[in-house]
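One structure is given here, and the rest of the page talks about it.
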Amino acid sequence: MDNTELPSFFQFIMKNINVIPFLQTKMQELHKAVRESQWEKARELMQDGKLVRAADRTGLPPLQTAVVLGLDNMVENIVKAFPESVKLTDNVSNLSKFFTINL
């Protein structure tokens with residue numbers, strides 16, 4: 001089977017395969033910044049809005065990671081800068097807004 005027979009998704013992956021390690025590194029940096037309450041670094045990494053959805057190895061996006069760790073300032077900053085983050089779900093479909101309801 002040659003590349004022309006692959007579904008478009010797989011063609012996209014094949015064209016962008018070199019980007020995957022770069023994105024994985026950025027996602028790891030983002031979650032590290034969240035865990036360490038480094039708001040400026042986290043904001044910089046989420047600036048384009050795409051990594052706001054990036055789940056860590058436990059399946060949590062950055063906002064939920066901050067909630068679980070009790071990082072109230074980080075939660076507040078993420079919600080203010082990226083209000084759409086409260087609509088995101090984790091790996092078991094829990095909405096972020098339920099995580100933040102007691103804050």
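The numbers here are math on the coordinates, done by the rules we state, and not lab data. Just so it is clear, the structure is predicted and the values come from calculations on it, not from any experiment. Here Cβ is always computed from backbone atoms with ideal geometry, including for glycine, and neighbour counts include all displayed protein chains.
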Debye calc, one equal point scatterer per Cα of the range 16-64, no solvent, log10 I(q)/I(0) at q = 0.16, 0.20 1/Å comes to -0.39, -0.60
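Take peptides 36-44, 12-20, 70-78 and line them up by average Cβ neighbours within 10 Å, highest first, as a rough protection proxy.
Working: 36-44: 15.6, 12-20: 10.1, 70-78: 17.7.
Sorting 36-44, 12-20, 70-78 by mean packing, highest first, produces 70-78, 36-44, 12-20.
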Semi-axes (Å, rounded, descending) of the ellipsoid equivalent to the range 19-99 per its C-alpha gyration tensor are 17, 14, 12
